[in-house]
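Asker: Below is a structure I'd like to ask you about.
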Amino acid sequence: MTDMTKCHSNEMKKHTLLLIAVSLALTSCSSESKKPTSQKGFVLIRSDFSPTELSTLCDQTVDTFTERLNKLATNKNRPLSFENSFGELENAGTEFQEKLGPLSFMYSVSTNPELRAASEKCDSKSSQAIIEVSSRKDLYNVLKMAQSDLKKSKLREAQTRLITETMRGFRLSGLELPDDKLTEFKNLKKQMADLGIQFHGNLNNNTDSVEVSEEEMTGVPDTVKSRFEKLPTGKYKIPTKSTYYISYMENAANADARRKMLQAYDNREGKKNTEILQKMIKLRREAARLVGFKDWADYKTYDKMAKNGKTAWDFLQSLKGKLRQSYLKDYQAMLAFKKQTDPKATKLDAWDGAYFSNQLRKSKYSIDDEVLREYFPSDVVVPKMFDIYSKLFAVQFVPVDNANTWHPSVSLYEVRDQKSNELLAYFYTDLYPREGKYGHAAAFTLRSGKLVDGKFQQPISAIVANLNPPSADKPSLLSHDELETLFHEFGHIMHQTLTRVEYASLSGSSVAWDFVEAPSQVLENWVWEPSVLKSISSHYKTKEALPEEMIKKLISSRKFNQAWGSTRQLMLGIFDLTLHRSPTDLDVTETYKKLYRELTTMEPLPDTHFPATFGHLAGGYDAGYYGYLWSNVFAFDMYTKFQASNLGPEVGYKYRKTILEMGNTRDADKLLQAFLGRKPNSDAFFKFLGIK
């Protein structure tokens, strides 16, 4: 199951201008040195900028883009053609995004704080420029004239789609407002963009940690201990990054120590980011009302599958009742297990969930995650994962040995068609944690695929993750959850790199936001297939594959605590929509704690500020977090086709052609029907959860 630590691709753009605005926050590559260096080897994406050079290039790119659109906005030649109107906007926006990409990605991957700071400023400047451009009525008026002139023209399906998506995007940018209201809307959007960048910058730059004693390490395996810094005092220093946090919380027997860790983890940037989030939600509500929507949820779902906030809300509420009984069973099972060591226990505490879930799972299924890790060294798993995807989608992944990258641990690969050997795309892998790096797991589009002079420009993507790093005496060993994350994120990479769409703003994973997770959620199912587990496992010492008995136990454990995990997803989705459907300001921390009590029956930890750490609400998933559960409905439905063919390449190739290659050229429900051969339904999803 996908959880909040699996942050995913955030470049789901609906038209050229929106593509740019979102991509700016999430694309490009970075340098590790404070001084510019000359790159050697194959340079696909530059990463040798100095902070000063980055700032200069950023300014130049923004100015050039603005000048180009100034010319478009003054085009009064009638009748207007597609090429000198919508086509020119598309080309200008794509070129802008590609040039800004290597500049704005740095704040997610560079270890140089000066470079990250320059990248963050560039992100802010370019985002402000995009909001300015997307609010220009002179540009909008030219496009309206072009739309009228083109009504009788014979346009290709992709051209018609681009026009529809572009004009819908302009409506969302407030271009139907009178001038005074448009100025107000534009100012609100600029404020929101800056606040979002600050929110994520705070989390990326956060260096909080917790010090724990040897006694507080009771229960934590040596394999986990080895990941933490041993201080001269004898204590261990544990950074409050998700990879380290989860490993500790699942294993530490000391309840007080887990409480201390949770306290620190849920208080990262607590004061600053809480204030930012409160401001953002208020500004969003004001902006939505200005453009004629009841609330931000209606505004954000207008161009999604759900179409409005009520549909998304009703979907979550329908799950709420269905999950409740199963959730309480999970809760009682863990409480009973807790009582074995604490007979006086009458409830679970907020810091108990990860620990007792892991311990009960080990007890019930005889599964030890640390033993499982030994069978999944990342240097074996990654190439074997490539092999699976290669066979499934009829492609091959070729390492670029002389590639220059932004960090020594980063690798570059070509994606080629198996039959024709045509170069389809490139992708980078940046898999291990380091200071200043983006803290979760995501797939980033660095350059979108598109047609250029009749030839397809290869897209470039990067999978950025924080997998268990190698230690002094062991290679990187992955938990099964990390394995699932890896397969999921690489599913996003396939969506981004196998695209064959003519226009960049419609290509790759630029689909409706509440569908974007589905194509990769389908593929995380692979790590629960016996044949796949057998093929990708290799004990880091003995080289033996995962034993059949362990495979059976692992698969039988899949549905363990599913209602518990799904309820957390449900809570976050309801929390998100509650904030963004409210007609008045709500205290984000208290609203979260109220829902936490209601849905988990547990008491939240006092003096913590979880919403301040919830990056999704400032990273594009605002009024959209419901999409994780929503898209899972379609993912399970699509997976039934693979199961029926025993993961056969015929179905994989059809999936490549009807889903992965198509981007946003059609509505998601039509893409689904083309692959399924019928209308989608929720039967497989509810069957998996064991609810009706």
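The values are calculated or read from the model by the stated rules, or taken from the named source; none is laboratory data. Treat the numbers as computed from the prediction; the structure is a model and nothing was measured. Because the Cβ atoms are built from the backbone with ideal geometry, glycine has one as well, and the counts that use them run over all protein chains shown. Heavy atoms of the whole protein, side chains included, go into the accessibility calculation; ligands, DNA and RNA do not. Shrake-Rupley method; radii C 1.70, N 1.55, O 1.52, S 1.80 Å.
Asker: Where a Cα-Cα gap under 13 Å defines reach, which aspartates and glutamates qualify for LYS553, not counting those fewer than 8 residues away within the same chain?
Answerer: Reachable aspartates and glutamates: ASP368, ASP369, GLU529.
Asker: Relative to the present Cα-Cα distance, how much length would full extension add between LEU335 and ASP683 at 0.36 nm per residue of separation?
Answerer: Numbers: separation 348, 0.36 × 348 = 125.28 nm, distance 3.11 nm.
That works out to 122.2 nm of additional length.
Asker: Also: How many Å² of accessible area per residue for segment 359-426, probe 1.4 Å? Write out the running numbers ahead of the final one.
Answerer: Values: 2870 Å² over 68 residues.
That works out to 42 Å² per residue.
Asker: Extending each Cα 7 Å along its Cβ direction at ASN77 and VAL398, get the distance between those two points in nm, one decimal.
Answerer: The two pseudo-label positions are separated by 4.1 nm.
Asker: Restricting attention to segment 626-691, which trypsin sites (Lys or Arg not before Pro) occupy a DSSP loop and are surrounded by at most 11 other Cβ atoms within 10 Å?
Answerer: Details: sites: LYS641, LYS654, ARG656, LYS657, ARG666, LYS670, ARG678, LYS687; in loops: ARG666, ARG678.
Qualifying residues, ordered by number: ARG678.
Asker: Specify which residue in the list SER134, MET261, SER213 is farthest towards the positive end of the charge dipole of the chain, using unit charges on the beta carbon of Lys, Arg (+1) and Asp, Glu (-1), about the Cα centre.
Answerer: Working it through, the farthest residue towards the positive pole turns out to be SER134.
Asker: For a test of the definition: using alpha carbon positions, the gyration tensor, and the 1.5 limit on a/c, classify segment 390-446 as rounded, prolate or oblate. Display every interim value, and only then the final one.
Answerer: Values: a/c = 2.93, a/b = 1.92, b/c = 1.52.
Taking the square roots of the gyration eigenvalues as a ≥ b ≥ c, segment 390-446 is prolate.
Asker: Specify whether the C-alpha gyration tensor of segment 106-193 places it in the rounded, prolate or oblate class, a ≥ b ≥ c being the square roots of the eigenvalues: rounded for a/c under 1.5, otherwise prolate if a/b is larger than b/c and oblate if not.
Answerer: On the way: a/c = 3.84, a/b = 1.74, b/c = 2.21.
Oblate, since a/c reaches 1.5 and b/c is not below a/b.
Asker: Could you please report the charge total around THR218, scoring K, R as +1 and D, E as -1 over all other residues with beta-carbon less than 12 angstrom from its beta-carbon? Display every interim value, and only then the final one.
Answerer: On the way: positive: LYS225, ARG258; negative: GLU214, GLU215, GLU216, ASP256.
Residues close to THR218 contribute a combined charge of -2.
Asker: Between ASN187 and GLU95, 0.36 nm times their residue separation minus their Cα-Cα distance comes to what? Mind showing how you got there, number by number?
Answerer: Details: separation 92, 0.36 × 92 = 33.12 nm, distance 2.54 nm.
That pair, ASN187 and GLU95, stretches by 30.6 nm at full extension.
Asker: Hey, if we sort ARG116, ARG156 by accessible area with the 1.4 Å probe, largest down, what's the order? Walk me through the intermediate numbers first.
Answerer: Values: ARG116 25, ARG156 115 Å².
Highest to lowest solvent-accessible surface, that is ARG156, ARG116.
Asker: Within segment 530-638, what whole-number % of the accessible surface is contributed by carbon and sulfur, with the 1.4 Å probe and all protein chains included in the calculation?
Answerer: Numbers: 2030 of 3670 Å².
Ligands and nucleic acids excluded, carbon and sulfur reach 55 percent.
Asker: Further, regarding this structure: Working out 0.36 nm times the residue gap between LYS344 and ASP473, then minus their Cα-Cα distance, what length gain in nm do you get to one decimal? Walk me through the numbers before you get to the answer.
Answerer: Values: separation 129, 0.36 × 129 = 46.44 nm, distance 4.13 nm.
This chain segment gains 42.3 nm when fully extended.
Asker: So what J values fall out for segment 273-288 if you push phi through Karplus, 6.51 cos²θ - 1.76 cosθ + 1.60 with θ = phi - 60°, rounded to Hz, Gly and Pro as x?
Answerer: For segment 273-288, the Karplus curve yields 6, 5, 4, 4, 5, 4, 5, 4, 5, 5, 5, 4, 4, 5, 5, 4 Hz.
Asker: Moving on. Return a whole-number percent for the relative contact order of segment 543-692, with Cα pairs under 8 Å and 6 or more residues apart as the contact set.
Answerer: Values: 97 pairs, mean separation 33.9, N = 150.
Dividing the mean separation by the residue count of segment 543-692 yields 23 percent.
Asker: Ok, one more. For a Förster distance of 30 Å, can you work out the FRET efficiency between the beta-carbons of GLU214 and LYS271, rounded to the nearest 0.05? Spell out each step's value before the answer.
Answerer: On the way: r = 32 Å, r/R0 = 1.08.
Result of the calculation: an efficiency of 0.40.
Asker: Further question: Quick check: net charge around GLN673, other residues with Cβ under 15 Å of its Cβ, Lys/Arg +1 and Asp/Glu -1? List each step's numbers first, then the result.
Answerer: On the way: positive: LYS641, LYS654, LYS657, ARG666, LYS670, ARG678, LYS679; negative: ASP637, ASP667, ASP669.
Net charge around GLN673: +4.
Asker: Normalised by the residues of the chain, what does the relative contact order come to in percent, with Cα pairs under 8 Å and at least six apart? Working shown, then result.
Answerer: Working: 1247 pairs, mean separation 124.0, N = 692.
Across the chain, relative contact order equals 18 percent.
Asker: Still on this structure, please answer the following. Could you check the spin-label model distance between THR233 and LYS541? Points 7 Å from the Cα along Cα→Cβ, value in nm.
Answerer: For THR233 paired with LYS541, the spin-label model returns 3.4 nm.
Asker: Decide, for segment 344-453, between rounded, prolate and oblate: order the square roots of the alpha carbon gyration tensor eigenvalues as a ≥ b ≥ c, take rounded if a/c falls under 1.5, and otherwise choose prolate if a/b is larger than b/c, else oblate.
Answerer: On the way: a/c = 2.68, a/b = 2.09, b/c = 1.29.
Since a/c reaches 1.5 and a/b is larger than b/c, the shape of segment 344-453 is classed as prolate.
Asker: Roughly how many nanometres apart are two label points built 7 Å out from the Cα toward the Cβ at ASN205 and LYS362?
Answerer: 3.9 nm
Asker: Further, regarding this structure: Among PRO547, VAL43, THR665, which residue has its Cα positioned farthest towards the positive end of the charge dipole of the chain, with +1 placed on the Cβ of Lys and Arg, -1 on the Cβ of Asp and Glu, and the dipole taken about the Cα centre?
Answerer: THR665
Asker: Right, here's the next one. Taking R0 as 60 Å, what FRET efficiency do you get between ASP179 and SER645 from their Cβ-Cβ distance, rounded to the nearest 0.05? Before the final figure, lay out each step's value.
Answerer: Numbers: r = 58 Å, r/R0 = 0.96.
Between ASP179 and SER645 the formula returns 0.55.
Asker: Right, here's the next one. Once you've got the Cα coordinates, tell me which of LYS225/LYS271; LYS419/LYS654; LYS559/LYS687; LYS241/LYS272 are over 21 Å apart. Intermediate values should be presented prior to the final figure.
Answerer: Numbers: LYS225/LYS271 31 Å; LYS419/LYS654 15 Å; LYS559/LYS687 11 Å; LYS241/LYS272 18 Å.
Pairs exceeding 21 Å: LYS225/LYS271.
Asker: Looking at the chain from every direction and averaging, what is the projected area of its Cα convex hull in nm²? Walk me through the numbers before you get to the answer.
Answerer: Working: hull surface 117.8 nm².
Approximately 29.5 nm², given one-decimal rounding.
Asker: Using the Cα centre of segment 80-123 as the reference point, and only Cβ charges (+1 on K/R, -1 on D/E), how large is the resulting charge dipole? Debye, rounded to the nearest 20.
Answerer: 260 debye
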